[in-house]
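**Q** There's a structure below that I have some questions on.
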2 protein chains.
Amino acid sequence: MELSKSKNKRKRCIKLSNPVYVENSAGVVGPKEGTSHFAEGFDKVCKDPFLGKDSWEEAESELQKEALDILLRKACITEEQIDCIFSGDLLSQSTASSYGLLSFGIPNYGIYGACSNCGATLALGAVLLSAGYAEKVVAMTSSHFGSAEKEFRFPLGYGAQRPLSSTWTVTGCGAFLLSRENTAGSKVCISHIVMGEIVDAGLKDPQNMGGCMAPAAALTIGSALKELPYSVDDYDQIITGDLGEIGSEALYDLLSLQGYDITKNHSDCGLLIFDREKEDVHAGGSGCGCSATMLSAYVLEKLKAGEWKRVLFVPTGALLSKLRSEEGMTIPAIAHGVVLEHC
Amino acid sequence: MELSKSKNKRKRCIKLSNPVYVENSAGVVGPKEGTSHFAEGFDKVCKDPFLGKDSWEEAESELQKEALDILLRKACITEEQIDCIFSGDLLSQSTASSYGLLSFGIPNYGIYGACSNCGATLALGAVLLSAGYAEKVVAMTSSHFGSAEKEFRFPLGYGAQRPLSSTWTVTGCGAFLLSRENTAGSKVCISHIVMGEIVDAGLKDPQNMGGCMAPAAALTIGSALKELPYSVDDYDQIITGDLGEIGSEALYDLLSLQGYDITKNHSDCGLLIFDREKEDVHAGGSGCGCSATMLSAYVLEKLKAGEWKRVLFVPTGALLSKLRSEEGMTIPAIAHGVVLEHC
């Protein structure tokens, strides 16, 4: 398996010249996610998976709208104070973001890295801020079970059987207010970014996203462990986005080949978000909304409280195209990382 | 028409603290584009629209691969010297980029802003460089007539009649090597970026992309004229991406409402790229590849030669989703700008 032609020479980590503050966050989820152990951490649990709309796509746009509305309210700021939004979702032509953010009148860069979007939007937002080009930026991303199944797999009405390797796309949106200066007394900052790289391990099964993404996660995490002055134990947690059971096991194997053992302090948002005794989600949760809502509800809370001092946060994305997959192509993946610190 | 809730207060322009150099570029096009008046400026004209591949999507990925290969050769550098690529295309889940860039082993941020991708990738690449976080970045984007028609409209085999308001998606990829320091003696730099904003004027016709995009272009160009210390006449050219005939006329009308007359020094890549006496492309050319290949073949050449000193370059994108459009939704648009200067 060719992880990268240049894997040994390449630098993928960037230390921000000024740390960027995570001033506030908002997480909005659907009803199934509302039964999570972390439910109290979400800002809103919607009872209706359609959010009162007529289609899954509109429902996902509404998730984005609600998350941004809540974020603005929580931070006591107006949309005029946001310089720019970095946003993304899983749908063709990022339609959930386009329609969800339309009413706000805020400059916008659309990002596509599948379920790694949360990492990419945080990273690029942090670069714009640390360069001094903006004061406040929002990074946000969403997914919706209904729109994702419609986009990538089978119409829900078919009742298609799901193999045990499959994951359950989280219905949720996480939005993060990033600031250049710590005017709001934030206790969490982004100190480094780890640029993701497209990796293709040759897997073709669209029902095993964890397996497809593990090599990309291994490349990003391995790069951070090699380039940054922090060993595995210097991170309270190394948190991946949505590898699930199969992907997490594969990640451990791939990192052990690089000489790293992260098993003691690794968590995967996909294995955390659902109460798996109550909800049968097979290999775990997934989707852009999985890592984004868990970052808001859980990871940031631990960092804010100082229980954790440093986290390597690595949302993972399978660059799955239904069309290419049906044409027999392999499924490439990417994982974009950020280092979050208590400050 | 509500252009933006905050259109009067909002700042959308960023002056780069250090200009970023456009060190080199590569443009690869298909056979129809090869009959262009600008054909000599393209680095490669492919005779086979399939580029020897089995599908339109693979052909578009191959366009990206060839453009990046040519760029590396022209600049006499290896892929290890590229810190990061900002890339994008029009297809669902940006598949042309995912598969096209897979073999290079270079970190990658995927961007989605439809045909405004060229502006967004140049802008974000320039931010990363001017912040001092990278030495060399590639910004690139592609489109393909075959894959775009398959994605958004009708199978080519139908032979569907095209209304006169429709544009012809350019088969082409443009790749740009941006540098933090001017080690290669470049004569062109990016001095400012103009952040685009999602605008929806209520249009619903997927065969009139120019009309949908004109309001977004008017917002971006109007913002630049208002915020930056340059009047219309301080730009040798104000160049939009792919408004075509209908969109260009609408742009003039919308800007005249803001008190600006750009008719004398406005060009649109969509109206330039095809020899419209030979090729019946109705309202003009379009697609990410339209502005990107014309930037490489024409705009950069004029700036390099010093014939032009300053250009406001504004690729325009219709955030069209086939699904949402068929559900009766309006078509939002966005336009991302950069100011290019002779240096």
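**Q** Could you give the distance between the Cα centres of segment A:55-78 and segment B:280-343, to the whole Å?
**A** Segment A:55-78 and segment B:280-343 have Cα centres separated by 30 Å.
**Q** Taking neighbour Cβ counts within 10 Å as the exposure measure, how do B:W168, B:W56 sort from fewest upward?
**A** Least crowded to most crowded, the residues run B:W56, B:W168.
**Q** Could you pull out every one of the lysines with an alpha carbon less than 23 Å from that of B:K226, ignoring same-chain neighbours closer than 8 positions?
**A** A:K136, B:K5, B:K7, B:K9, B:K11, B:K15, B:K264, B:K309
**Q** Any idea what % of Cα-Cα pairs in segment B:184-343 are farther than 20 Å?
**A** Roughly 48 percent, once rounded to a whole number.
**Q** Moving on to the next point. Using Cα pairs closer than 8 Å and at least 6 residues apart in sequence, work out the relative contact order for segment B:187-342, in percent.
**A** Contact order relative to length: 40 percent.
**Q** Can you tell me, using C-alpha contacts under 8 Å and at least 6 residues apart, the relative contact order of chain A as a whole percent?
**A** Averaging sequence separation for qualifying contacts and normalising by length gives 26 percent for chain A.
**Q** Something else now. Can you return the lysines within cross-link range of B:K47? Criterion is Cα-Cα under 26 Å, with same-chain partners fewer than 8 residues away left out.
**A** B:K32, B:K65, B:K74, B:K150, B:K278
**Q** Taking the beta-carbon count within 10 Å as an exposure proxy, list A:K136, B:K9, A:K304 from fewest neighbours to most.
**A** By the 10 Å Cβ count, ascending, the order reads B:K9, A:K304, A:K136.
**Q** Still on this structure, I have one more. Tell me, what does the Kirkwood hydrodynamic radius of segment A:103-225 come to in angstroms if you use every pair of distinct C-alpha atoms?
**A** Taking every pair of different Cα atoms in segment A:103-225, averaging 1/r and inverting gives 17.0 Å.
**Q** Between copies, how close do the B:T263 label points come, placed 7 Å along Cα→Cβ, listed in nm from shortest?
**A** When each copy's label point is compared with this one, the spacings are 7.5 nm.
**Q** Output, in nm with one decimal and in ascending order, the distances from the A:Y230 label point to the matching label points of the other copies (7 Å from Cα along Cα-to-Cβ).
**A** In ascending order, 4.1 nm.
**Q** Highest GNM mean-square fluctuation, chain B, Cα pairs closer than 10 Å: which of B:D48, B:D200, B:D236?
**A** Fluctuation is largest for B:D48.
**Q** Still on this structure, I have one more. Have a look at B:I85, B:L323, B:S61 and report the one farthest towards the positive end of the charge dipole of chain B, computed about the Cα centre with Cβ charges (Lys/Arg +1, Asp/Glu -1).
**A** B:I85
**Q** Which percent, to the nearest 5, of DSSP beta bridges fully inside chain A are antiparallel?
**A** 65 percent
**Q** Let me ask you something else. Mind jotting down the distance between the C-alpha centroids of segment B:84-123 and segment B:6-36, whole Å?
**A** 14 Å
**Q** Per residue of segment A:296-312, in order, report the coupling 6.51 cos²θ - 1.76 cosθ + 1.60 (Karplus, θ = phi - 60°) as ³J(HN,Hα) in whole Hz, putting x for Gly and Pro.
**A** After applying 6.51 cos²θ - 1.76 cosθ + 1.60, I find 5, 7, 10, 5, 5, 5, 5, 5, 4, 6, x, 5, 10, 9, 8, 10, 9 Hz.
**Q** Would you kindly give the portion of the calculated P(r) for chain A that falls above 28 Å, as a percent of all Cα pairs?
**A** 34 percent
**Q** Could you grab the relative contact order for segment B:16-179? Cα pairs under 8 Å, six or more apart, rounded to a whole percent.
**A** Relative contact order here is 32 percent.
**Q** Where the only charges are on Cβ atoms (+1 Lys, Arg; -1 Asp, Glu), what is the dipole of the protein assembly as shown about its Cα centre, to the nearest 20 debye?
**A** For the protein assembly as shown, the charge dipole is close to 1160 debye.
**Q** May I ask what percent, to the nearest 5, of DSSP beta bridges between residues of segment B:187-342 are antiparallel?
**A** 65 percent
**Q** Next question, about the same structure. Dipole size in debye (nearest 20) for segment A:9-61 around its Cα centre, Lys and Arg Cβ +1, Asp and Glu Cβ -1?
**A** The calculation lands at about 800 debye.
**Q** Taking segment B:90-153 on its own, what percent of its Cα-Cα pair distances exceed 17 Å?
**A** Percent of Cα pairs beyond 17 Å in segment B:90-153: 46.
**Q** Have a look at the DSSP beta bridges in the protein assembly as shown and tell me what percent are antiparallel, nearest 5.
**A** In the protein assembly as shown, DSSP labels about 65 percent of beta bridges as antiparallel.
**Q** Say a site is exposed when it is one of the GluC sites (Glu not before Pro), sits in a DSSP loop, and has at most 15 other Cβ atoms within 10 Å; what is then the longest site-free stretch of chain B?
**A** No qualifying site falls inside B:3-134, the longest such stretch.
**Q** Moving on to the next point. So what is the 222 nm mean residue ellipticity for chain B from helices alone, if each DSSP H run of at least 4 adds -39500 (n - 2.57) and you divide by all residues, rounding to the nearest 500 deg cm²/dmol?
**A** That calculation yields -8500 deg cm²/dmol at 222 nm.
**Q** Can you compute the charge dipole magnitude of segment B:60-173 about its Cα centre, using +1 on each Lys and Arg Cβ and -1 on each Asp and Glu Cβ, nothing else charged? Give it in debye, rounded to the nearest 20.
**A** 320 debye
**Q** Net charge around B:G185, counting only other residues with Cβ within less than 12 Å of its Cβ (Lys, Arg = +1; Asp, Glu = -1)?
**A** Counting the neighbours of B:G185, the net charge comes to 0.
**Q** Something else now. In which sequence would A:V314, B:V299, B:V232 go, from the one with the fewest C-beta neighbours within 10 Å to the one with the most?
**A** Fewest-to-most Cβ neighbours within 10 Å comes out as B:V232, B:V299, A:V314.
**Q** Oh, and also: Compute from the Cα atoms of segment A:16-179 the Rg and the Dmax, the latter being the longest Cα-Cα distance, and quote both in angstrom.
**A** 15.9, 52
**Q** Return P(r) of the protein assembly as shown (all Cα-Cα pairs; 10 Å bins starting at 0; whole %; ordered from short to long distances).
**A** Percent of pairs per bin, in order: 3, 18, 29, 28, 16, 5, 0.
**Q** Can you compute the equivalent ellipsoid semi-axes for segment A:75-123, i.e. the square root of 5 times each eigenvalue of the Cα gyration tensor, sorted largest first and rounded to whole Å?
**A** 20, 13, 8
**Q** Would you work out which of A:G159, A:A148, A:T35 lies farthest towards the positive end of the dipole of segment A:16-179, given +1 charges on the beta-carbon of Lys and Arg and -1 on that of Asp and Glu, about the Cα centre?
**A** The one lying farthest along the dipole's positive direction is A:G159.
**Q** Okay, moving on. Using a 7 Å offset from Cα along the direction of the beta-carbon, what are the separations from B:A160 to the same position in each other copy, nm, ascending?
**A** Taking the point 7 Å beyond Cα along Cα→Cβ, the inter-copy spacings are 2.5 nm.
**Q** Sticking with this one: I'd like the Karplus ³J(HN,Hα) series for segment A:205-222: coefficients 6.51, -1.76, 1.60, θ = phi - 60°, whole numbers in Hz, and an x wherever there's a Gly or Pro.
**A** 8, x, 9, 9, 5, x, x, 5, 8, 3, x, 5, 5, 5, 5, 5, 5, x
Values in this text are rule-based calculations from the coordinates and carry no lab data. These numbers were taken from a predicted model, which means no experiment stands behind them. Heads up, the Cβs are rebuilt from the backbone with ideal geometry, glycines too, and the neighbour counts pull from every protein chain shown.
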